[in-house]
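Note sheet for the following structure.
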Amino acid sequence: MAPPPVVTGISPKEGPPGTRVTIRGEHLGSKPNDLISLLICGCECQLSAEWKSPNKIIARSGPGKGRGEIIVTTSSGGEGTCTVQFRGYHETIGPLKESAVWVEEAPIQSLSWNRRSMSPSSYQLEDPLGLSVEREDRKIPEDDLHELFPDGSGDLGSENFEPTWFLLDHHHSTSFDDLRVGLSFLRRKVESQKEGQLSFLKSNVSSVMEQMDTLFLFKEKFEANVRDHGLDPTIKVEQAIKKSMTEATKLFQDVLARREKADKTRNALAVLQRYRFLFSLPLSISNNIAKNDIDAVINDYARAMNLFGKTDVVLFKKVLCEVESNINDLRDMLRKKIKIMPQTLQEQKTLIRNLINLDAGGDPGWDAIMSQYEYITHLLESSKNEHMTLDAENSKPKKPKHTRSASGSHVLEPVPIIIPQPILCVEELTAIVSERFPDLWKLGQSYFSGELQANIENNNQPAFKKIILDVVALSCKSIRSSVLPHTCDTNVKTFPTSYKESLGPHLPTALQYVCDLYSNLLALDLPTQALQFVSKLLFDLKLHTLLSSVRQCENQIKALKHEEKWQYQFNPNKGAITLVPNQLEQLIMDMIQSIKLNILNKDDKDNTLLSNDLAKHQFIAEMNKLLLTIVNLMDELSSGSNDQEDNMPVSQLIGSPMVHSDKQLSGTFYEERLLLTLSNCRYIHYSMFPRWNNLFIQNGLISIKESLHLTIESLMTLENKLIENYIEIKSDPLVGTIEPSMYLGHFDWDTNIPPSDLKPYAKEILSNIIAVHAELVRIVPGVIHKVISGIVETVAEELSRLMSCVTKFSDCGKEQAYVDMSSLKNTLSQYCTENAKAYFLEALDVIPPLTAAQREKVDEILTQFQSPSDPERTFEIYPSLPIQPEINQPTPPLPYNIQPTPTIPSNSYTSSSNVLPHTLDEMKVKFKFLYDSNMEDMEMVQILSLVNKTKQSSRNLDELISDIESVDFSLERSVISST
Amino acid sequence: MPITDTEAMSKKPAVQPALHKVIMVGSGGVGKSALTLQFMYDEFVEDYEPTKADSYRKKVILDGEEVQIDILDTAGQEDYAAIRDNYFRSGEGFLCVFSITEDESFQATQEFREQILRVKNDENIPFLLVGNKGDLSDKRKVPLADCESLAQQWGVPYVETSAKTRENVDRVFFDLMREIRSRKMDDNKSNNVRGKDKSKRKKLKCVIL
């Protein structure tokens, strides 16, 4: 345990409560916490104590009064002691003391006489006995004194001053002698004070006198003043003051009133300024409405409602009423506006948003949807009706009509190609739907997605779906009624012209519109039900378009019969071909192209038109019809009945120059026509049909093989019919002339003229056959064998009949007959059918047998006849050449100059070497068939340059040939047109 | 009563060692508090904080005898001149301190001497003239000769000290205490004989003054 604390120093040793005291000593604690208690004059000051070191504590003194000990207590050393004391005193406020309280100055004057000390220590009076003050510690406690003198006081200035107290208090241990000395001192002091008064007066006589004078003077002046102004001069002053007060008040009131007024004005202005927004709101709203700046109105309105919506100020309420009525007007206006169509989606959305922001109530989004719906429906209906009316008008009088162009707004002059009204209607309908429907749909989408912040009613969703379906269905129905009347219900009004075939060429346009519409709708992400409507429509329309284009082509083919001019081109491979087959092919190709372009290309992957069985079936049926039409066309052309009736009445006037020229132009003899048709048929049969199938498949259409087979059958029938007709036509006169010629000049088989040569009738037969042969070679080389054989058969039959009718043969007659029959038989052996051979043998059997000499003679004549020396008989070589009906086989050379290009193998196009013609002459040779057809040198040069160019660019030969073929083709055309 | 008397007596002077009351006087800032604190607690306070009136008391061994020294450290500033009288009255010995670096403080000693003599009314009151701040000899303003001549004139010892270096600190206090002690012994001897006379004479003088 540490030694107890000892306080040995205090700084300062006295002071009023709160004095900062530095306490010094020893063992005042080892650390701040060690200090438990600090008592100064019995007051606990530990709270303010600041432990500095074991030797030093700084604290503030408490309210303790008088001398007292400073006791430090530490937890380590316990309660301590002190060797010094602190004296607390309560400061008496004196006149020289700085103080915050008012110090009464009056006592000072009285004190001045007392000559009391004015020093701060005046409270410590000098001892009246002049004795030194006793040590403090010997004092008798004040409480004891109070007990002894309950009514007294030791204070010298007190009224109940008790001398004994005073003596006990201050001179407790002073010896009696000392007290006596003190008494005498006191007495002396009192005397000296008395004495001092007199002496003071004496010494200050002059100034006292002066004071007296001044007092007199003052008294006189005061009296004079009382005389002048009365005893109480304040009355007048008071009156004046009152008067001035009233005046001042009056003035002040004025000022106040003015100021009040100014304040009011200012306040009013401030209010106006502050709420300028509100007051100018009605005006700004109408301005903004005029400017169509609805957003600003909405903002202002919302702000006003926020700021003043719950105001109780009457003025504000009034303004708000006005605003409210403006806003109501605006709401009504917007509501009306939202129903005015047409307007863009954006506009509508803006309007809806505005209405919602204006708390207009209702369901503006739904209203907008409904008005859109009604508008679209109305548009569709009215457009359809309008077109129907126009159509009805147009179908009656055939005057130039005003049609709306694709852009739809301006009226055109009579258009060369009049677009049928239904197509225009479809265009407009699709345009309406494409233009308007997305808006409706998007509006609905945004309505239901909450973009419009509208309250969505539950039953609106199905209703909206119904609307969408309605619109789509209506548009589909309208389109159907215009272009697909057969798919409509019977009670639906349709276009009068819609059944007409004239619509056909325009259907692709309609299809295009519908396709565009469909793709537009697809992009919208519509419900499948709605899309199905359109896709069904699209399918139907496609099918309809397809069929109608086939039908159209059919009609064009029918019309071709008027086109036949019977001008032909000879093709060594194919025989003579007129323009009709090529025109046919062109038409078919055009049809395929248009189908491909207009219909098939628009197929989407999963909805192919021709993969549908119904469509396929209908298409095939139409194709059958089309192909049969071709056959019919051929048939009609061959018979030419129509021509003769309708177009060629002049042909009956044979022999007239008109007919002659006409004949030359058209070259239509009946036989020739037969042959040409036959040739065309064969060409179509063997060259075109195989190509067509490929063409169809290549262009994305289905195979038409079956149709072609069917057609080929009927074509073959037609061919055979034609051949038979031809044979009949040719053989009838030929056979008819045999008998007269045989018996010309009263010839009799019982003759005596020895035979030297064939009889003229036999030669005539041969030459007639040659003529037929020549005709065939010129036009249809492919059927030569068949035709000639037929003719030979009838000839043989006739000969056998004639021979069997001969009653009697002379020897010469025998020989002659034998020569004739044998030579004919031998010459025509190539074309002899079994029947013909039999007939020949029959004829030979009728002739009586020859003798050996006769046989020799006959053989000689025959040998002579068959020798090639005679130019007349050159054709004898011909029968020995092989004749085959194959169309692509080389044509047999003919003995007359009609034979085409004998120097060139006819298949040179495909099989010849790569040697190409380099010069014009070579060219002429090589393309003689072209040259023959009046081709000018210039055109030849064109081909040549093409060839040379091709060579330069080293293209391959096949390409070149196809190029030349195309040139060939166009040249052919140009030749035809020039003639 | 007798018992209480004896008890009270034994508590007071009987047990307590002799008490010597020393008063530090001198102008403000010369180092009175510094000397006191150095003597009391062996510490040198650098900070200057004007003193009002501090009281210290501790036991020391003076020439083998335990005594108590009571030091009253007074304010040097003129502001407190008025209350000095009261302090001086209780003092038994005085250390009149000045700074050797400040001539004014040296001149002021004259006034203090006169006041002490006036209050104590005793020419031979124990009194030491102390020239402090001896460590600052390079800043010395008051020549040693002047100091010594003044002390000689007053008939008091002159000591130069340094509160900072503690040079002569103990010496001045102990010298003074010795003077006080010897003075008290003289008084006790003569007290019985001339006590009255002395006090009478004193009083008379005061009255005349």
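The values are calculated or read from the model by the stated rules, or taken from the named source; none is laboratory data. All of these numbers come straight from a predicted model, not from anything done at the bench. Neighbour counts run over all protein chains shown; Cβ positions are idealised from the backbone, glycine included. Just so you know, the surface numbers come from the protein's heavy atoms only, side chains and all, with ligands and any DNA or RNA stripped out. Shrake-Rupley method; radii C 1.70, N 1.55, O 1.52, S 1.80 Å.
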Discussion item. Would you confirm whether or not region A:708-725 contains a residue that is surrounded by fewer than 21 Cβ atoms within 10 Å (Cβ to Cβ), among the β-branched types (Val, Ile, Thr) and closer than 25 Å to A:Glu797 by Cα?
Written reply: yes
Worksheet, complete the sentence: Filtering region A:8-53 for residues that are more than 14 Å from every other protein chain (Cβ to nearest Cβ) and part of a strand (DSSP E or B) leaves a count of 9
Worksheet, complete the sentence: Considering residues that are free of Cβ contacts under 8 Å to residues at least 60 places away in the same chain and open to solvent by less than 70 Å² (accessible area, probe 1.4 Å), the number found within region B:104-121 is 7
Fill in: Test: residue in region A:60-76 that is in a strand (DSSP E or B), open to solvent by 60 Å² or more (accessible area, probe 1.4 Å), away from chain B (no Cβ under 14 Å) and in contact (Cβ under 8 Å) with a residue 40 or more places away in the chain
yes
Worksheet item: When you go through B:Cys96, B:Cys147 one by one, which is the residue that is under 16 Å from B:Lys21 (Cβ atoms), at pLDDT 90 or above, more than 14 Å from chain A (Cβ to nearest Cβ) and in contact with a Gly (Cβ under 7 Å, 6 or more places away or on another chain)?
Response: B:Cys96
Item to complete: Looking at (1) more than 13 Å from chain B (Cβ to nearest Cβ); (2) modelled with pLDDT of 75 or more; (3) open to solvent by 80 Å² or more (accessible area, probe 1.4 Å), find the lone condition where A:Glu105 falls short.
Response: (2)
Practice prompt. Spot the failing condition for B:Lys32; the list is (1) open to solvent by 20 Å² or more (accessible area, probe 1.4 Å); (2) charged (D, E, K, R); (3) more than 9 Å from chain A (Cβ to nearest Cβ), and only one is missed.
Written response: (1)
Practice prompt. Mind listing whichever residues of region A:349-376 are crowded, with 16+ Cβ neighbours inside 10 Å, within 27 Å of the chain's Cα centre (by Cα) and closer than 21 Å to A:Lys466 by Cα?
Written response: A:Pro364, A:Gly365, A:Trp366, A:Asp367, A:Ala368, A:Ile369, A:Met370, A:Ser371, A:Gln372, A:Tyr373, A:Tyr375, A:Ile376
Fill in: Cross-chain or 6+ apart pairs with Cβ under 8 Å, region A:841-858 first and at positive phi, then exposed (fewer than 13 other Cβ atoms within 10 Å of the Cβ) and among the β-branched types (Val, Ile, Thr)
none
Fill in: region B:52-69: number of residues that are open to solvent by 20 Å² or more (accessible area, probe 1.4 Å) and facing another protein chain (nearest Cβ under 10 Å)
4
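Would you pick out the residues in region B:70-85 that are over 21 Å from B:Lys164 (Cα atoms) and away from chain A (no Cβ under 12 Å)? Write out each step before concluding.
Of the residues in region B:70-85, the ones over 21 Å from B:Lys164 (Cα atoms) are B:70, B:77-85.
Across region B:70-85, the qualifying residues are B:Gln77, B:Glu78.
What about A:Phe696, is it without any contact (Cβ under 8 Å) to a residue 60 or more places away in the chain and open to solvent by less than 50 Å² (accessible area, probe 1.4 Å)? Spell out how you get there, then give the answer.
On the way: without any contact (Cβ under 8 Å) to a residue 60 or more places away in the chain: no; open to solvent by less than 50 Å² (accessible area, probe 1.4 Å): yes.
Considered against the rule, which asks whether it is without any contact (Cβ under 8 Å) to a residue 60 or more places away in the chain and open to solvent by less than 50 Å² (accessible area, probe 1.4 Å), A:Phe696 comes out as no.
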